[in-house]
Amino acid sequence: MHRRRARAASCYCTAMSTRAMTVASLVLLLACAEVPQGPVRVQALVLSADGAYTPTTVELRTVRDATALEGSVFRFLGGARLVVDGNDPELQQAITEEDMARAVLKGKGQPVTANYIVAEDGVLWPADFHTWNLVTAAFGLERASEYFHTVAQVPPGELGTATVYYFPEFLLPGSVEGPVRDNAIFYTLVQGFLLLPFDRLQSAPMAINTGLLAHEYSHLVFNRRVYGGRRLPEAFTEWSAGTVTPGLNVLKSLDEGLADFHAFGATCLSPGGCNSRFLEASLGESARVRDMAQSHCLTAELRTGLLNSAYTQFGPSSGDYQVGTVLASALHRAAAGDAARQQALGRAVVAAYSDESPETPGLVQLVEASLDAQAGFTLTDAVRALLVHVEDAALRADACHALVDQLQLNVDALAGVCAPDVGAPTLCPALDG
Amino acid sequence: MSRRLVQCVLGALFVTAPALAEEADTPGSEAPTVHSPRLSVEAVGGALLLRGAHVPIQTVAAMGARVGWDAGPVLPAGLLHHTLLLDVRWALAGWREGTELVAGDTRVQHLTIAPAFVFLIDRAGEYGVYAQVGGGVAHVRSAVSVDGAETAVGNFVPTLQYGAGLRGVARMFGDASPRLSWRLEVARFRRGGQDDTFLGASVGAAF
């Protein structure tokens, strides 16, 4: 067992008369509120190179208030209550997206209050479990934000301050019995993260899983860039009513797969190094199916589901996650374990989210062009948008090969981006049709 | 507020005891004569309300012990002769949260010395209400364990205690010792920027 000595709170008395010191001590005791301000060094549970979560001193660089865990990247709120109930009159009467968000957010919660012990070297040690959880979540979100700023070159300030609802009560009456637990969500309607309480999952809490948080943060970036920061993206409202929703299925698959790919890239900036199996620490071995380092191919069944089912069936059967994993796996394969290639692909992917150039349209432009007919937004078109933003020719060629091979794309449809001789499938047997 | 109450409040801040001692000689201010026990030892138990990290209030069980010394009789007969009680109190609260893999253990201990001013409310002098202010230290220990490997840290924080309660020293064997000593109390402990509130009771013997 490791033990650390810590000093008392930052109240000191110099030599004074006994009476004066007594009075001064009482005043100091009453007034001395330990509220660390600005960037702080804190202990967090960080996944080390040996694969174990270890208390590690890290710096929270963007916080203004370490007690409330507020800063330019995040703002934590505890005790919130969200209810998504189709029978809720307030929700039924909501007209705007903001009305709907207000109807769902029954309790806004209050700022969290992290409790610390101040060590002799000035490092703040969490004084209870939830503070460990909160501080490590803050660290994870900060690192995810840093990844998008430094690697993907998203300008500082574009993403804004995200609200993080910590351990909220999240109810989906009619869909889920009791409060939803064991999940972490970027919920577009409230434009915030929900770090839900754990129940059955008894391994690493999701709040300390920096890879998982980076996955969720990637959804925020996707929302800001592809959906224009909308609470109810237009593609959802326009496309979700269809009996077959191929465009929506592709869009959600891209969102999930690219989130995994970025999350992997973010883990490469962490002390534990690149980790394609980051989900397993929290979700167990069942999450191994999303290990992008493994070989994944689009199956005939997945392709059929993608093209011919409604999202109400495709999503709940994890179709978007499965297609997303194939996409992430192909990008990972193209990076070939090279940090520079990995970062270049990450940068290209984010650049492809929105590009108003008619020659190299981004995802948002492709979606807008197909709002009236979602079948016009295809996986091939989306992949073309990604590839066209890969600047390095050799990397683009490798990405072409991997994506065509694993996503079973028609290379002819990628003419101008991928060479016709991109190569025969080497990993996945070609599907008929 | 009566002059006597004001003096008692000020006395609790340790700054006016000499003046009170002088005024205690004022004729007519003496309390009824009783033969009170001088020392009490009590077990303390109750709920400690702490500031939660993600909820406004976190409630945990607390237990401890207290030694009370009726200090009034050592003072000259007068105002404080039957009302001053000196408490030494220790209490511990601890809780564990987390998953099977990652868990946190926190223990908060308060060790304080606090003079209490008792206002007897019955003729026999067995029951009284009291208010007290004092100080001491709190020790906070936090340990996080990951897959059984524990890392712990702790520190001492100066603490201000204040509170009020109901005190009883009931006869069990006539005038003989011991007597049943008990209290119902509300106490607050200000440590650093936090306020811990204790709601509880204590019971023991007075000699």
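Of the strands (runs of 3 or more DSSP E) lying entirely inside segment A:73-135, those containing at least 2 residues that are within 12 Å of chain B (Cβ to nearest Cβ) span A:74-78, A:116-118, A:124-126. I'd like the residue in segment B:41-64 that is assigned to a strand (DSSP E or B) and without any contact (Cβ under 8 Å) to a residue 60 or more places away in the chain and, out of all such residues, is surrounded by the fewest Cβ atoms within 10 Å (Cβ to Cβ). Top of the filtered list is B:Ala61.
Considering segment A:371-405 alone, what residues qualify as being within 30 Å of A:Ala241 (Cα to Cα) and part of a loop (DSSP other than H, G, I, E, B)? Residues satisfying the conditions are A:Leu371, A:Asp372, A:Ala373, A:Phe377, A:Thr378.
Could you check A:Val244 against (1) under 15 Å from the mean Cα position of the chain (by Cα); (2) surrounded by 16 or more Cβ atoms within 10 Å (Cβ to Cβ) and say which number it fails? In the conditions (1) under 15 Å from the mean Cα position of the chain (by Cα); (2) surrounded by 16 or more Cβ atoms within 10 Å (Cβ to Cβ), A:Val244 misses (1) alone. Here is the figure for segment A:66-99: residues that are surrounded by fewer than 21 Cβ atoms within 10 Å (Cβ to Cβ) and more than 23 Å from the chain's Cα centre (by Cα) total 13. Put simply, of A:Glu158, A:Glu146, A:Glu177 the only residue that is more than 30 Å from B:Arg141 (Cα to Cα), more than 14 Å from chain B (Cβ to nearest Cβ), in contact (Cβ under 8 Å) with a residue 12 or more places away in the chain and not in a helix (DSSP H, G or I) is A:Glu158.
Each row is one residue, and each column tells you yes or no for (1) at positive phi; (2) in contact (Cβ under 8 Å) with a residue 60 or more places away in the chain; (3) in a helix (DSSP H, G or I).
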position: A:Asp182; (1), (2), (3): yes, no, no
position: A:Phe186; (1), (2), (3): no, no, no
position: A:Gly211; (1), (2), (3): no, yes, yes
position: A:Tyr217; (1), (2), (3): no, yes, yes
position: A:Asn223; (1), (2), (3): no, no, yes
position: A:Thr237; (1), (2), (3): no, no, yes
position: A:Asn249; (1), (2), (3): no, yes, yes
position: A:His262; (1), (2), (3): no, yes, yes
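Tell me yes or no: at least one residue of segment A:353-362 is in a helix (DSSP H, G or I) and in the same structural domain as A:Trp239 (by TED's automatic domain parsing). No.
Filtering segment A:277-290 to residues that are in contact with a Ser or Thr (Cβ under 8 Å, 6 or more places away or on another chain), crowded, with 20+ Cβ neighbours inside 10 Å and in a loop (DSSP other than H, G, I, E, B) leaves only A:Phe278.
Can A:Arg231 be described as closer than 26 Å to A:Ala138 by Cα, free of Cβ contacts under 8 Å to residues at least 24 places away in the same chain, in a loop (DSSP other than H, G, I, E, B) and within 18 Å of the chain's Cα centre (by Cα)?
Working: closer than 26 Å to A:Ala138 by Cα: yes; free of Cβ contacts under 8 Å to residues at least 24 places away in the same chain: no; in a loop (DSSP other than H, G, I, E, B): yes; within 18 Å of the chain's Cα centre (by Cα): yes.
Spelling it out, it is not the case that A:Arg231 is closer than 26 Å to A:Ala138 by Cα, free of Cβ contacts under 8 Å to residues at least 24 places away in the same chain, in a loop (DSSP other than H, G, I, E, B) and within 18 Å of the chain's Cα centre (by Cα).
Of the residues making up segment B:85-129, those that are more than 12 Å from the chain's Cα centre (by Cα) and within 14 Å of chain A (Cβ to nearest Cβ) number 17. Criterion applied to B:Ala187, B:Ala164, B:Ala170 was being crowded, with 20+ Cβ neighbours inside 10 Å and either within 13 Å of the chain's Cα centre (by Cα) or aliphatic (A, V, I, L, M) (or both), and the one residue passing it is B:Ala187. Which residues, taken from segment A:34-65, are within 14 Å of another protein chain (Cβ to nearest Cβ), buried (at least 21 other Cβ atoms within 10 Å of the Cβ) and closer than 18 Å to A:Tyr166 by Cα? Correct list: A:Ala44, A:Leu45. When you check A:Cys268 against the structure, is it touching a Cys at 6+ places or on another chain (Cβ under 8 Å) and at pLDDT below 95, yes or no? Yes.
With respect to B:Pro76, determine if the residue is in contact with a helix residue (DSSP H, G or I) (Cβ under 8 Å, 6 or more places away or on another chain), more than 26 Å from A:Ala119 (Cβ to Cβ) and more than 14 Å from every other protein chain (Cβ to nearest Cβ). It is true that B:Pro76 is in contact with a helix residue (DSSP H, G or I) (Cβ under 8 Å, 6 or more places away or on another chain), more than 26 Å from A:Ala119 (Cβ to Cβ) and more than 14 Å from every other protein chain (Cβ to nearest Cβ). Screening A:Thr237, A:Thr161 for residues that are surrounded by fewer than 24 Cβ atoms within 10 Å (Cβ to Cβ), within 15 Å of the chain's Cα centre (by Cα) and more than 17 Å from A:Val349 (Cα to Cα) leaves exactly one candidate, A:Thr161. With the structure loaded, tell me whether A:Arg102 is surrounded by fewer than 19 Cβ atoms within 10 Å (Cβ to Cβ) and in contact (Cβ under 8 Å) with a residue 40 or more places away in the chain or whether it fails that test. No. Residue check: is A:Ala293 out of contact with any strand residue (DSSP E or B) (no Cβ under 9 Å at 6 or more places or on another chain), among the small types (Gly, Ala, Ser) and outside any loop (DSSP other than H, G, I, E, B)? No, not satisfied. State all residues of segment A:153-171 that are in contact with a His (Cβ under 8 Å, 6 or more places away or on another chain) and at pLDDT below 95; if no residue qualifies, say none. Those that are in contact with a His (Cβ under 8 Å, 6 or more places away or on another chain) and at pLDDT below 95: A:Pro155, A:Pro156.
The values are calculated or read from the model by the stated rules, or taken from the named source; none is laboratory data. Just so we're clear, the structure is a prediction, and the values are computed from it rather than from any experiment. Cβ: placed from backbone, ideal geometry, glycine included. Neighbour counts: every protein chain shown.
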